[in-house]
Amino acid sequence: MTVLLTGRQVPDSTVTAGLIASWRAPLVFVTAERFGMPYTAWTIVVLCLLLPLFCSPLTTTAADTRPNLVVILADDLGAADLQCCGAPDMRTPALNQLFAAGMKFRNAYANSPVCSPTRAALLSGRYPETTGVPGVIRTDAADSWGYLSPTVELLPVAARKAGYHTAIIGKWHLGLAPPNTPLERGFDHFHGFLGDMMDDYYTHRRHDHNYMRLEQAEIDPAGHATDLFADWAVQFLNHQRKDAPPFFLYLAWNAPHTPIQPPAEWLDRVRQREPGISDKRAGLVALIEHMDSGIGRVISALQANGQWENTIVVFTSDNGGQLDVGAGNGQLRDGKQSVYEGGLKVPLCITWPGRIQAGSQTDFSVMSMDILPTLFAAAGVAPANGLDGRSFLPTLLGEQQPELRTQWFFTRREGGLRYGGKTIEAVREGPWKLLQNSPFAPLELYNLQQDPLESQNLVEKHPAIVNRLNAALRRHLQRGGAVPWQPPMPADSQ
């Protein structure tokens, strides 16, 4: 610190003090002309007044107590395919612990019955068709049914603007090239897989393409993808110091998506424990239990690092389980790819020590797109305007709140002879659900309150309800249709 005494007269003041502060080196100007005292005495007075500046920091930064945010997403996990969700042949101790530590949602819905659209909804807080992702994004352009709109701000952008360190570990599946890679869409750190499914959990290729990345660089690590993602998530958590800014970690597994390829020792363990289990079911159980072990490692890292007590953890899935590989969706009708309940209902639990009651459960209905707006409400992060997602934070905190929306829309666009590039869709309003599970099939109407298994089609008995919901669905489809879902065509091909 430098103290400069000057006899220069300053109009209309007896003493003028100005502080020009650079880091650790303030310069103080003092005018003492009118005090009529020797400069030596005046210097002593000034130094006494400024002594506290030498004995304490010039500035104090309050600790950032906002919660860390961790969203864990399974791939194709059925609503009933965990031990804590009713699967008698499953052993999932880590997720049992997580569900017991927080709130379990019995009416959680994915925004779509397939991967990319639900991921777009989760990360944007919007209906996926309004983000340009009504269907699955694939390597083959002729069979790709989405293009994440560059005009849509993903919620990690808002988290980063608010001072959060943002990271994705695992599966991205929202674009294979600029401008739709993770570091271009709001994440500070990416360690994972750009593509959709892996053809092999050990070689990590898709159609002979290597989509494994560290930031933007192509990598070729050895090991089972589930183990790698767990390793990388733990490494990320270990690098987040207590005095560092809060973090948002999006951990997206490929498991238990096909191919059903658990490590051999995990498969042997299931077969020994569950005599008579089919080969198909044993493989899926082992793949899920292996993922559960990875989740346990992540929870242990949060606890060992002292992060657990100030972290909100979400666990859910992108859609229902795939029935033809042995998945279990309970008694719900159908599974992945379908807009019946088995394709849309997913497991969901959220923990926040000291804030969310451990062991609590709720029938409150939520969708994938509601998750990040809820976390942001808890963290004080302001997302972009115009979101479709709504916060259910009051429910998490044990308070009453009205239903998030009157009408709930679910859509999926797909190719091939089965879909022809068209959409399937559903809309819910109260107990009523109107759906068309094939572009070439008639409408169906169900009362989910009376018929949760969707076994009695009431479309002929309630024409007024059918007409009202069908009109609402058409308006929603028009809204989504206003957003391009294919990449811009090169100028020379137009």
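The values are calculated or read from the model by the stated rules, or taken from the named source; none is laboratory data. Remember, it's a predicted structure, so these values are computed and weren't measured experimentally. Using ideal geometry, Cβ is built from the backbone for each residue, glycine included, and neighbour counts are taken over all protein chains shown.
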Select, from ILE312, ILE277, ILE260, the only residue that is farther than 20 Å from ILE72 by Cβ, of a type in the set (A, V, I, L, M, F, W, C), at pLDDT 95 or above and in contact with a Leu (Cβ under 6 Å, 6 or more places away or on another chain). ILE260
Per the filter on the range 95-129, residues charged (D, E, K, R) and either out of contact with any strand residue (DSSP E or B) (no Cβ under 7 Å at 6 or more places or on another chain) or at positive phi (or both) are ARG119, ARG126
Selection count, the range 336-350, where residues are in contact with a helix residue (DSSP H, G or I) (Cβ under 7 Å, 6 or more places away or on another chain) and within 26 Å of VAL313 (Cβ to Cβ): 4
In the range 210-269, which residues are part of a loop (DSSP other than H, G, I, E, B) and free of Cβ contacts under 8 Å to residues at least 24 places away in the same chain? ILE219, ASP220, PRO221, ALA222, GLY223, HIS239, ARG241
Which listed residue, of LYS461, LYS422, is within 30 Å of PRO179 (Cα to Cα) and outside the structural domain of LYS336 (by TED's automatic domain parsing): LYS422
Taking the residues in the range 435-457 that are in a loop (DSSP other than H, G, I, E, B) and touching an Asp or Glu at 6+ places or on another chain (Cβ under 8 Å) as candidates, determine which candidate is nearest to GLY135 (Cα to Cα). ASN437
GLU460 fails exactly one of the following numbered conditions: (1) surrounded by 16 or more Cβ atoms within 10 Å (Cβ to Cβ); (2) over 17 Å from VAL339 (Cα atoms). What is the number of that condition? (1)
Of all strands (runs of 3 or more DSSP E) fully inside the range 316-434, the set with 3 or more residues that are closer than 21 Å to LEU477 by Cα and touching a strand residue (DSSP E or B) at 6+ places or on another chain (Cβ under 6 Å) is 407-413, 423-429
Kindly provide the set of residues from the range 221-267 that are closer than 28 Å to VAL285 by Cα, out of contact with any His (no Cβ under 7 Å at 6 or more places or on another chain) and of a type in the set (S, T, N, Q), ordered by number. GLN235, ASN254, THR258, GLN261
Which of the residues that make up the range 173-231 are under 26 Å from GLY296 (Cβ atoms), of a type in the set (Gly, Ala, Ser) and either touching a strand residue (DSSP E or B) at 6+ places or on another chain (Cβ under 6 Å) or surrounded by fewer than 18 Cβ atoms within 10 Å (Cβ to Cβ) (or both)? GLY192, ALA222, GLY223
Tell me, yes or no, whether the range 374-390 has at least one residue that is buried (at least 22 other Cβ atoms within 10 Å of the Cβ), within 19 Å of THR130 (Cα to Cα) and either of a type in the set (A, V, I, L, M) or out of contact with any Lys or Arg (no Cβ under 6 Å at 6 or more places or on another chain) (or both). yes
